[in-house]
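Sharing a structure here in structure tokens format.
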Amino acid sequence: MSKYKQVKVDYRIFKNGYLFSNGIALNKTAFEIWECCREPVDENIIVKKFFEKYTPQSDEDKKMIIEDIKNCLNLLIEGNLIERIDK
């Protein structure tokens with residue numbers, strides 16, 4: 001399974017999110033996912049953390065959270081804010 005690790009990039013905090021020195025802007029939730037990647041972490045750990053935070057009430061809620069996290073991880077990779085580390 002792949003793990004994800006933060007790429008060190010300077011950022012500034014704004015009222016509605018975060019602006020990175022490479023021009024990428026994140027909302028608070030995407031930033032929290034980025035923060036989860038300080039050390040190499042697999043997607044399941046991030047999902048578990050968000051399940052604990054948001055307490056999904058249905059399988060549909062769980063699927064939506066998982067899909068949102070996957071999409072965010074892909075966007076973070078594309079924005080050079082995290083890197084995928086394959087085992």
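I want to check the label-to-label distance for Asp42 and Asn22. Put each point 7 Å from Cα in the C-beta direction and report it in nm to one decimal.
Inter-label distance under the simple model: 2.5 nm.
Moving on to the next point. Residues with amide H under 5 Å of Ile82's amide H, sequence separation 5 or more or different chain, H placed in the peptide plane at 1.01 Å from N; which?
Val7, Ile77
At 0.36 nm per residue, and after removing the present C-alpha to C-alpha distance, how many nm does the segment from Glu78 to Ile13 gain when stretched out fully?
Answer, rounded to one decimal: 21.3 nm.
Let me ask something else. What pairs from Lys15/Lys70; Lys3/Lys48; Lys15/Lys49; Lys48/Lys70 go past 21 Å between their alpha carbons?
Over 21 Å Cα-Cα: Lys15/Lys70; Lys15/Lys49.
A follow-up question, please. What are the residues whose amide H is under 5 Å from the amide H of Tyr4, where those residues sit 5 or more places off or on another chain and H is modelled from the backbone?
Val41, Asp42, Ile85
Which of Lys15, Lys49, Lys70 ends up with the largest GNM mean-square fluctuation for the chain, with Cα atoms connected below 10 Å?
The residue that fluctuates most here is Lys15.
Just add up the charged neighbours of Ile65: K/R +1, D/E -1, any other residue whose Cβ is under 14 Å from the Cβ of Ile65.
Counting the neighbours of Ile65, the net charge comes to -2.
Going by Cα centres, segment 2-22 and segment 32-87 are how many Å apart?
Cα centroid of segment 2-22 versus Cα centroid of segment 32-87: 15 Å apart.
While we're on this one: Could you work out Rg/(2.2 N^0.38 Å) for the chain, with Rg from alpha carbons only?
1.08
Computed from the coordinates by the stated procedures, all read-outs in this text should not be read as laboratory data. What you see is a predicted model, and the numbers here were worked out from it, not measured in a lab. Virtual Cβ from ideal backbone geometry, glycine too; neighbours counted across all protein chains shown.
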